[in-house]
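Enquirer: The structure is given below, and queries will be raised subsequently.
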Amino acid sequence: MSELIKRLANLSPEQRQLLLRRLAEQEQKAAVPADREWPVRDPSQPTLLSFAQQQLWFGEQLDPGNSLNNLMGLVHITGRLDVAILEKSFNAIVARHEALRTVFSERDGQPVQIISSSLTLKVAMTDLCSIPEAEHEAEIRRLAKEEGSQPFDLSSGPLIRVRLLKLGEQSHVLALTVHHIVFDGVSQAVLFGELAAFYDAFLKGKTPALPPLPIQYADYAHWQRQQFQGEALENQLAYWKEKLRGPPPMVELQTDRPRPAVQTSRGSYLPVELPHPLCEALVALSRQEGATLFMTLMAALKTLMFRYTQQTDVTTGYLTAGRSRREVEGLIGFFINTLALRVDLSGAPTFRELLARTRVASMEAFSHQELPFDHLVNALQLERDLSRSPLFQVMFIHQPGSNAGLQFSGLSLRSMNIRTEVSRFDITLTLHDTEKGTVEGAWEYNTDLFDASTIARLAAHYERLLQAIVAHPEQRITELPLMMEEERRRVLVEWNDTRKDFPLHQSVTELFEAQVRRTPKAVAVSSSKGKRTYEELSREVARLAARLRERGVGTESVVALLMDRSLEFLTSMLAVFKAGGAYLPLDAEHPPQRIAQILERSGAVGVLVSKEWQEGLANALALLAPGARPAEWSVEALLQQDGPVAELAAPRPEHLAYVIFTSGSTGLPKGAMLEHRGMLNHLFAKVEALGLTSADVVAQTASQCFDISVWQFLAALLVGGQVHIIENEVAHEPRPLLERLVESGTSILETVPSLLRAVLDELEGPEGGPLALSVLRWLIPTGEALPPELCRRWLARYPGIPVMNAYGPTECSDDVTHHPISTPPGSEVVRMPIGRAVANMRMYVVDRQLRPVPLGAPGELCVGGVGVGRGYLRDPARTAEVFVPDPFSGEPSARLYRTGDLVRQLPGGELEFLGRIDHQVKV
Ligand code: AMP
Ligand code: MG
C-alpha cells in the first residue's frame, strides 16, 4: 500500500483521498490472502492468459476486428506541454509494464502471452488549431470516435494508442485508447500517476525514482491459474453456485422495442449528477448503517428495479477491482472482475433492512470475488440465451473519482466525458465521486431496447427514490415514492380528468323515445330479414314491454333472451329496459347444459325465446329442477298479443341494465352485472368519439353475448342513425361481409383483429381488386391486441378511413379506452396503443398493492368511473376479488375494477396493452 501512495503522490489531494478510501474499503471487506510467495514463472516459456484475458481473447476470435473492448479516455491538458517529454514518459511506462508490451498468440491450441522486450510508442499528432474554436468540441468527438472504434490486432499489437489533438499552444486533448485485455479502470489511475512522475522528472532532467514493480501481469496470470484449480476453485464455485441457484430470474424491464434474438451493443448514454446535499445525506446514511456508499446506491438501484418490474429476486452486476493482493495494486493490466449480486427484496422490507441485506450479500460476494466471472458462467451451465447477457442485465459501477483533475509540472489535466455508442448490458449505471463532493456518472443503455426518454425517466425516478431514501430510510421499499409530484398529478389526475356532462340521469328508453319523436319515419334497424322505422320499432317495444310487465317483469328483474341476433332481439332488449328489467343474452348455439347453468345462476324470471329455439330451451329447462325453471315466453306470441298499455317504470341510472356471462378462468361462468348509467355513458362516449349522426349506419356483427354488441345495437338509436344487423354467416366471412358493407351502406364497422386480417388478405388476394367502401367512416378493431401491421395495411388501402383501437372489459360496460389512428404506424412500431380513458372513466396502472407504478413501467390496469359494473351476479367472493375500493377517487363508495391486463402508460398518456397478468408477454 505504501508503494502505491508514493506512486500516486502526484494525484490531486481529493483524488488521492478518494482512491485511498476506496482501497481501504476494499481491504476491510475483502479477505486479502496473506502474502505468500508468488509462484515462479519460467520466463523462457510463454505464459498462459489470465482467465479474464482468455475470455476476451476467445470473444475476439469469434468476432475479430471489433472495437467493443477498446477502452478510451479523453483528457484535456492545459499548460505548456512538451510533446517529446510526454512521448518519452509514455515509453517509460510501456517499458515498466509488461502488459503494455504484450501480444497474444496461439500455441498448441492455447492462447499465450508473448511479451516483447521493447516497444516504442509514437504519440500521433493532430493539429486542430486551424479549425474555428466553436467547432473544436465536435471535431474532438469525431476524432475520438474514430480513434476509439479502430480495432486492435491482438496478435501484433501494440495494444495502446496515444493521439494528441492540438487545440492551441496551451491546450491539448490526449486521446488514449487501450485494449481492455491489458488495461482497466485502476490501470488508468496508475498510468496517469506514473505519467505525472515521469513527465515531471524528465522535464527537470532527472531520472525518475519509481520503485521497481514487484511482479508483472504475467506473474499474476500464472498465479491465478495455479490458484484456481482444485480445492480453491471448488470452494469459490460452490459458494457462487449456491448463491445463484435457480438460476436468478432475468430482470424484466419493459423495453421500448422487442428484444433482438441476439443481443446487440448499440448504445447511448445519459449523464447524471446527484446534487451535493443528496450525496452528503447518502454518505451519512451509509455510515450510520455500517455500509459503503456503493451498497446504498446499489440497494437503491435494486429498489428501482423492483418497483419497475415487481420482481423481488433482483440480480445486478458490478465490478470489483480484482486487486486484492497488494503486489498487483500498482500494475497496469486487466484485473477487474464482474460479480453478480443477488439480493432478496421480498417481504416489503424497509430500505434499512434492504441495505442490511445488500451489505451482507456484497461482503460475502466480495470475499468470493476472485472467481473469474466467465468461469462461473460456464460452470453454471445456464440455458443459452443469446438475446441477453448471462445472470444479469443491469450493471452498476461505482468508481473512485476517476474524473478528478490532475496537476503536475505546470499542466492541468481534466478528464472529458466520452459519449459512448456502445452498451454492454441492457443498462449500466456508472457513478463516481467528484471533487465537488457530488456523485456523477451516466446511464448507459442499449438503444435497440430503450428510448432516450425512457432512460431519462428511469434516471429521474432513481434520483427521486434516493431523495426519499435519505429522508425516510425506515420506509418500506414498496412505499418509497419515486414519481415526481408533477408526474403523479399527471398520471392520476390530469389524464383522468375525463368529466363530461352526459345526461346519464335519463334512461335509454326515454332517449330512444325522444329520438322516435324527432325521426319517426327514419329506419332504425335493418337486417336481411327486413327493417323497422323508429316509429315501428317503438310501437313493438311498447307492446312487448307491456306484456312483460303483465308477467311481473319490473325493476331489477332479469329476463333471458334466447334468439338469434335479429330485429326481435333489439325489440326485446328495449322492451326489457322499458319494463324496468335487465336483459340476459343467451347464445342459442350453446349446449343445453350451459344454458341451464346460466339460467340457474342468474335467477332469471323468464326467458323470451324465438320459435326456432323453443326446443333448445325445453332441453335446457329439463335439466333444471321444476322449481328453478324460469317462465318461458314466446317472443312472437307476445308481439302479437294486444292488451292495455302497462304502467311503466323508467329505469334509473343505478338500475341493472344487463347481465353478460363470461367464461371465467375457472370454467364457472360469471355473470357481470352492468347498470344503466355505465351502459349509457359508454353509448355517449361512442357517439362522441365516432361523431355519430343520423346519417350513420352501424354494423351489428358481434354475438349478443359479447359486451360490444350492446353499443352496436343501441348507439345509433340515440342519434337517429340506423343499426344494421349482419347475420353470422355473413359477419364472419370476409367476402360476404365486404359485399354487405357496400350494400347496406355501413359507415361504422367493429371487428376483431383476426377478422380484419382475413378481410385484408381477401382484399389483397387474387380476387381482391379495389373495393370502394365509400361510406365507411370508422374501422374499430377490438377484443385483442391490434397488430400494427394490420393498421398499416388497412390505412395503405383506405387512407381516408381511420382506425379506432378500442379496449374494454365487459365488467366496465365495454370500452374504457379509445385510440384513433389515421396515419399508418412506422415499421418500428411494435404495439398500437389502446389509447386514453373515455369520458367519465379513469385508468390507473398499479402494482399488486394498487400503488401507481412509475410512468412507463408495466402494471395492472385498474379502471374507475361511472362504467364500472356492479359485480358478478350472486358471486360476492369473485366480485370482492376484482371490484375493490377505489383509493384514488376520494369517494368512499367508489370502486375500481382490476382488469388483470398488463399495460403501461406512455409519456403522452396513452396506454399500451402488454398481455394478461398471468401470462405476461415478453418483448
Ligand atoms: P371482454 O370482457 O370480452 O370485453 O374482454 C376484455 C379483454 O379483452 C380485455 O381485458 C383484454 O384482455 C382484451 N382486449 C379487449 N380489447 C382489446 C384491445 N383493443 N387490445 C388488447 N386487448 C384487448
Ligand atoms: Mg370489451
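The values are calculated or read from the model by the stated rules, or taken from the named source; none is laboratory data. Predicted model only: the values in this text are computed from it and were never measured. Here the Cβ positions follow ideal geometry from the backbone for every residue, glycine too, while neighbour counts run over all protein chains shown. These accessible areas exclude ligands, DNA and RNA; they are computed on the full protein's heavy atoms, side chains included. Shrake-Rupley method; radii C 1.70, N 1.55, O 1.52, S 1.80 Å.
Here is a yes/no grid of residues against (1) open to solvent by 30 Å² or more (accessible area, probe 1.4 Å); (2) assigned to a loop (DSSP other than H, G, I, E, B):
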residue: Ser324; (1), (2): no, yes
residue: Gly330; (1), (2): no, yes
residue: Phe334; (1), (2): no, yes
residue: Ala340; (1), (2): no, no
residue: Leu354; (1), (2): no, no
residue: Arg359; (1), (2): yes, no
residue: Gln369; (1), (2): no, yes
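Enquirer: Among the residues of segment 853-874, write down those that are within 18 Å of Glu891 (Cβ to Cβ) and not basic (Lys, Arg).
Expert: Correct list: Cys862, Val863, Gly864, Gly865, Val866, Gly867, Val868, Gly869, Gly871.
Enquirer: Let me ask something else. Restricting the first residue to segment 767-791 and requiring it to be closer than 13 Å to Glu739 by Cα, which pairs with a second residue that is aliphatic (A, V, I, L, M) meet a Cβ separation below 7 Å and a spacing of at least six or different chains?
Expert: Qualifying pairs under 7 Å: Leu771/Leu738; Leu771/Leu763; Leu773/Leu741; Leu773/Val742; Leu773/Ile801; Leu776/Leu741; Leu776/Leu749; Leu776/Ile801.
Enquirer: Then there's this: Would you tally the residues in segment 433-447 being within 19 Å of Arg259 (Cβ to Cβ) and open to solvent by 30 Å² or more (accessible area, probe 1.4 Å)?
Expert: The total comes to 2.
Enquirer: Report, by residue number, each residue of segment 828-841 that is open to solvent by 20 Å² or more (accessible area, probe 1.4 Å), of a type in the set (A, V, I, L, M) and more than 16 Å from ligand 2 (Cβ to nearest atom).
Expert: Once the filter is applied, which keeps residues that are open to solvent by 20 Å² or more (accessible area, probe 1.4 Å), of a type in the set (A, V, I, L, M) and more than 16 Å from ligand 2 (Cβ to nearest atom), segment 828-841 yields Val829, Val830.
Enquirer: Still on this structure, please answer the following. Please enumerate the residues belonging to segment 460-504 that are small (Gly, Ala, Ser) and either open to solvent by 70 Å² or more (accessible area, probe 1.4 Å) or within 16 Å of Leu282 (Cβ to Cβ) (or both).
Expert: Those that are small (Gly, Ala, Ser) and either open to solvent by 70 Å² or more (accessible area, probe 1.4 Å) or within 16 Å of Leu282 (Cβ to Cβ) (or both): Ala468, Ala471.
Enquirer: Among the strands (runs of 3 or more DSSP E) contained in segment 105-189, which hold 3 or more residues that are in contact (Cβ under 8 Å) with a residue 60 or more places away in the chain and either closer than 20 Å to Val75 by Cβ or acidic (Asp, Glu) (or both)?
Expert: 160-168, 171-179
Enquirer: Let me ask something else. For segment 832-850, does any single residue satisfy the condition of being modelled with pLDDT of 95 or more, aromatic (Phe, Trp, Tyr) and more than 28 Å from Arg259 (Cβ to Cβ)?
Expert: Checked segment 832-850: no residue is modelled with pLDDT of 95 or more, aromatic (Phe, Trp, Tyr) and more than 28 Å from Arg259 (Cβ to Cβ).
Enquirer: Of everything in segment 212-237 that's outside any helix (DSSP H, G or I) and modelled with pLDDT of 90 or more, which residue is surrounded by the most Cβ atoms within 10 Å (Cβ to Cβ)?
Expert: Looking at the filtered set, the residue picked out is Gln216.
Enquirer: Given the criteria under 24 Å from the mean Cα position of the chain (by Cα) and free of Cβ contacts under 8 Å to residues at least 60 places away in the same chain, does Arg457 qualify?
Expert: no
Enquirer: Then there is this: Can you say whether Val884 is within 16 Å of ligand 2 (Cβ to nearest atom) and assigned to a strand (DSSP E or B), as far as the supplied structure shows?
Expert: In short, no.
Enquirer: For segment 252-267, state whether one or more residues are of a type in the set (Gly, Ala, Ser) and either under 18 Å from the mean Cα position of the chain (by Cα) or closer than 17 Å to Phe373 by Cβ (or both).
Expert: So far as segment 252-267 goes, yes, one or more of its residues are of a type in the set (Gly, Ala, Ser) and either under 18 Å from the mean Cα position of the chain (by Cα) or closer than 17 Å to Phe373 by Cβ (or both).
Enquirer: Yes or no: Gly627 open to solvent by 70 Å² or more (accessible area, probe 1.4 Å) and among the small types (Gly, Ala, Ser)?
Expert: yes
Enquirer: Test Gly865 against the criterion of being open to solvent by 10 Å² or more (accessible area, probe 1.4 Å), within 15 Å of ligand 1 (Cβ to nearest atom), more than 20 Å from the chain's Cα centre (by Cα) and at positive phi, and give yes or no.
Expert: Criteria not met by Gly865.
Enquirer: State which residue is nearest to the chain's Cα centre (by Cα) when the search covers only segment 766-815 and only residues that are charged (D, E, K, R) and within 16 Å of ligand 2 (Cβ to nearest atom).
Expert: In this case the residue turns out to be Glu784.
Enquirer: Could you tell me which residue of segment 288-311 is surrounded by the fewest Cβ atoms within 10 Å (Cβ to Cβ), considering only residues that are assigned to a loop (DSSP other than H, G, I, E, B) and more than 22 Å from the chain's Cα centre (by Cα)?
Expert: Gly290
Enquirer: What is the one condition in (1) assigned to a helix (DSSP H, G or I); (2) surrounded by fewer than 17 Cβ atoms within 10 Å (Cβ to Cβ) that Pro208 does not satisfy?
Expert: Status for Pro208: all satisfied but (1).
Enquirer: Among Ala689, Ala618, which is open to solvent by 20 Å² or more (accessible area, probe 1.4 Å), over 29 Å from Val816 (Cα atoms) and part of a helix (DSSP H, G or I)?
Expert: Answer to the selection: Ala618.
Enquirer: Can you tell me which residues in segment 576-596 are in a helix (DSSP H, G or I), out of contact with any Ser or Thr (no Cβ under 9 Å at 6 or more places or on another chain) and crowded, with 23+ Cβ neighbours inside 10 Å?
Expert: If the condition is that a residue be in a helix (DSSP H, G or I), out of contact with any Ser or Thr (no Cβ under 9 Å at 6 or more places or on another chain) and crowded, with 23+ Cβ neighbours inside 10 Å, then Ile595 is the only one that fits.
Enquirer: Looking at segment 652-680 only, could you name the residues that are touching a Ser or Thr at 6+ places or on another chain (Cβ under 7 Å) and within 16 Å of ligand 1 (Cβ to nearest atom)?
Expert: Val659, Ile660, Thr662, Pro669, Lys670, Gly671, Ala672, Leu674, Gly678, Met679
Enquirer: Now a separate question. Report yes if Arg96 is open to solvent by 60 Å² or more (accessible area, probe 1.4 Å) and either closer than 15 Å to Gln216 by Cα or out of contact with any Phe, Trp or Tyr (no Cβ under 9 Å at 6 or more places or on another chain) (or both), otherwise no.
Expert: Considered against the rule, which asks whether it is open to solvent by 60 Å² or more (accessible area, probe 1.4 Å) and either closer than 15 Å to Gln216 by Cα or out of contact with any Phe, Trp or Tyr (no Cβ under 9 Å at 6 or more places or on another chain) (or both), Arg96 comes out as no.
Enquirer: Kindly establish whether Leu668 is hydrophobic (A, V, I, L, M, F, W, C), at pLDDT below 90 and outside any strand (DSSP E or B).
Expert: The answer is yes for Leu668.
Enquirer: Could you list, in sequence order, the residues of segment 64-91 that are of a type in the set (S, T, N, Q), part of a helix (DSSP H, G or I) and either modelled with pLDDT under 95 or surrounded by fewer than 20 Cβ atoms within 10 Å (Cβ to Cβ) (or both)?
Expert: Asn91
Enquirer: Only one of these conditions is not met by Ala637: (1) under 43 Å from the mean Cα position of the chain (by Cα); (2) part of a helix (DSSP H, G or I); (3) among the aliphatic types (A, V, I, L, M); (4) surrounded by fewer than 16 Cβ atoms within 10 Å (Cβ to Cβ). Which number is it?
Expert: Only one criterion is unmet by Ala637, namely (1).
Enquirer: While we're looking at this one, here's another question. Any residue at all in segment 536-556 that's open to solvent by 10 Å² or more (accessible area, probe 1.4 Å) and of a type in the set (S, T, N, Q)?
Expert: Within segment 536-556, one or more residues are open to solvent by 10 Å² or more (accessible area, probe 1.4 Å) and of a type in the set (S, T, N, Q).
Enquirer: From (1) within 16 Å of ligand 1 (Cβ to nearest atom); (2) modelled with pLDDT under 95; (3) over 25 Å from Leu779 (Cα atoms), pick out the condition that doesn't hold for Leu855.
Expert: (1)
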